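Chemist: Shown below is the structure under consideration.
The values are calculated or read from the model by the stated rules, or taken from the named source; none is laboratory data. Because the structure is predicted, anything quoted here is derived from the model rather than measured. All Cβ positions, glycine included, derive from the backbone under ideal geometry; neighbour counts span all protein chains shown.
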């Protein structure tokens, strides 16, 4: 009988050990999952914070009225971007920008139709030559206010196979870069979608890379 009791005691101890190991394993797995969720949440927060910083930097640049200061603070002075010969200049709520001309398909007037579940900077969709395009408001992207519909134009941009319409306040036309100085930006104004800046009518005109700009907002399907 004594041997039998010892056997039962051993069995109970074994069961307790199994339960203990199982409980410990479950706790470790739960802790691991919690860490995974926390890590993912932190990554999302970092991406959001990065976008906020980038938008603040672009606002600093385009709102600067002191062209000479931007020039004097540039990292290496002059940047020769040989591949960009011409740009399309445009204005957004009193601020000046341009994009390489080869991205611009056409300048048109569009009336976007509202659609549900769109990001705030996409003000609607519009039909263009048989396609349905998102209509983007760069003023909302850069935090300088929505572009008024009255008197505005839309640039149709072809970005590596993805077409979008960008509403702007005013088109300033084609600007030839030959003979113009293209300035690098100061380190504190560096963002992925800015290629540099030129002087235009005594103001700073930022050269945008529209592909990287829209990649930063997950609009294009292309990857860097």
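Chemist: Can you say whether residue 136 is touching a strand residue (DSSP E or B) at 6+ places or on another chain (Cβ under 8 Å) and at pLDDT 90 or above, as far as the supplied structure shows?
Modeler: Details: touching a strand residue (DSSP E or B) at 6+ places or on another chain (Cβ under 8 Å): yes; at pLDDT 90 or above: yes.
Here the answer is yes, as residue 136 does meet what is asked.
Chemist: What number goes with the only condition from (1) touching a helix residue (DSSP H, G or I) at 6+ places or on another chain (Cβ under 8 Å); (2) over 22 Å from residue 194 (Cβ atoms) that residue 159 does not pass?
Modeler: The single condition residue 159 does not satisfy is (2).
Chemist: Mind telling me which of the residues 116, 120 ends up being in contact with a helix residue (DSSP H, G or I) (Cβ under 8 Å, 6 or more places away or on another chain) and exposed (fewer than 12 other Cβ atoms within 10 Å of the Cβ)? Steps first, answer last, please.
Modeler: Details: 116 fails: in contact with a helix residue (DSSP H, G or I) (Cβ under 8 Å, 6 or more places away or on another chain).
Answer to the selection: 120.
Chemist: Still on this structure, I have one more. Going by the conditions given, is residue 171 in a strand (DSSP E or B), touching a residue at least 12 places away in the same chain (Cβ under 8 Å) and surrounded by fewer than 19 Cβ atoms within 10 Å (Cβ to Cβ)?
Modeler: Working: in a strand (DSSP E or B): yes; touching a residue at least 12 places away in the same chain (Cβ under 8 Å): yes; surrounded by fewer than 19 Cβ atoms within 10 Å (Cβ to Cβ): yes.
Yes.
Chemist: Give the residue that is surrounded by the most Cβ atoms within 10 Å (Cβ to Cβ), with candidates limited to residues of region 191-204 that are part of a loop (DSSP other than H, G, I, E, B) and in contact with a helix residue (DSSP H, G or I) (Cβ under 7 Å, 6 or more places away or on another chain).
Modeler: Applying the first criterion (part of a loop (DSSP other than H, G, I, E, B)) to region 191-204 yields 191-193, 201-202.
Checking which are in contact with a helix residue (DSSP H, G or I) (Cβ under 7 Å, 6 or more places away or on another chain) leaves us with 191-193, 202.
Details: 191: 21, 192: 13, 193: 19, 202: 7.
Ranking the qualifying residues of region 191-204, first place goes to 191.
Chemist: Does region 145-167 hold any residues that are modelled with pLDDT of 90 or more, surrounded by fewer than 21 Cβ atoms within 10 Å (Cβ to Cβ), under 20 Å from the mean Cα position of the chain (by Cα) and not in a strand (DSSP E or B), and which are they?
Modeler: Matches in region 145-167: 145, 146.
Chemist: Is it the case, given these coordinates, that residue 134 is in contact (Cβ under 8 Å) with a residue 24 or more places away in the chain and buried (at least 20 other Cβ atoms within 10 Å of the Cβ)?
Modeler: Working: in contact (Cβ under 8 Å) with a residue 24 or more places away in the chain: yes; buried (at least 20 other Cβ atoms within 10 Å of the Cβ): yes.
Judged against the criteria, residue 134 is a match.
Chemist: Also: Test residue 185 against the criterion of being at pLDDT below 95, under 14 Å from residue 213 (Cβ atoms) and either in contact with a helix residue (DSSP H, G or I) (Cβ under 6 Å, 6 or more places away or on another chain) or not in a strand (DSSP E or B) (or both), and give yes or no.
Modeler: Details: at pLDDT below 95: yes; under 14 Å from residue 213 (Cβ atoms): no; either in contact with a helix residue (DSSP H, G or I) (Cβ under 6 Å, 6 or more places away or on another chain) or not in a strand (DSSP E or B) (or both): yes.
When the stated conditions are applied, residue 185 does not pass them.
Chemist: Can you spot a residue in region 123-136 that is farther than 19 Å from residue 87 by Cα, outside any loop (DSSP other than H, G, I, E, B) and touching a helix residue (DSSP H, G or I) at 6+ places or on another chain (Cβ under 6 Å)?
Modeler: Within region 123-136 (the criterion being farther than 19 Å from residue 87 by Cα, outside any loop (DSSP other than H, G, I, E, B) and touching a helix residue (DSSP H, G or I) at 6+ places or on another chain (Cβ under 6 Å)), the answer is no, since none of the residues qualifies.
Chemist: Of the residues that make up region 115-122, is at least one farther than 21 Å from residue 90 by Cα, touching a residue at least 24 places away in the same chain (Cβ under 8 Å) and either part of a loop (DSSP other than H, G, I, E, B) or under 21 Å from the mean Cα position of the chain (by Cα) (or both)? Give the steps one after another, and end with the answer.
Modeler: Step one: filter region 115-122 for residues farther than 21 Å from residue 90 by Cα, giving 115-120.
Still in the running and touching a residue at least 24 places away in the same chain (Cβ under 8 Å): 119.
Subsequent filtering for residues that are either part of a loop (DSSP other than H, G, I, E, B) or under 21 Å from the mean Cα position of the chain (by Cα) (or both) retains 119.
Yes: region 115-122 contains one or more residues that are farther than 21 Å from residue 90 by Cα, touching a residue at least 24 places away in the same chain (Cβ under 8 Å) and either part of a loop (DSSP other than H, G, I, E, B) or under 21 Å from the mean Cα position of the chain (by Cα) (or both).
Chemist: Starting from residues that are crowded, with 16+ Cβ neighbours inside 10 Å, touching a strand residue (DSSP E or B) at 6+ places or on another chain (Cβ under 8 Å) and in a loop (DSSP other than H, G, I, E, B), keep the ones in region 69-102 and report whichever is modelled with the highest pLDDT.
Modeler: Checked region 69-102; the qualifying residue modelled with the highest pLDDT is 84.
Chemist: Output the residues belonging to region 103-114 that are closer than 16 Å to residue 158 by Cβ and part of a strand (DSSP E or B). Reasoning before the result, please.
Modeler: Going through region 103-114, the residues closer than 16 Å to residue 158 by Cβ turn out to be 103-108, 110.
Within region 103-114, 104, 105, 106, 107, 108 meet the criteria.
Chemist: Something else: Which of (1) over 19 Å from residue 126 (Cβ atoms); (2) in a strand (DSSP E or B); (3) in contact with a helix residue (DSSP H, G or I) (Cβ under 6 Å, 6 or more places away or on another chain) is the odd one out, the single condition residue 207 does not satisfy?
Modeler: (3)
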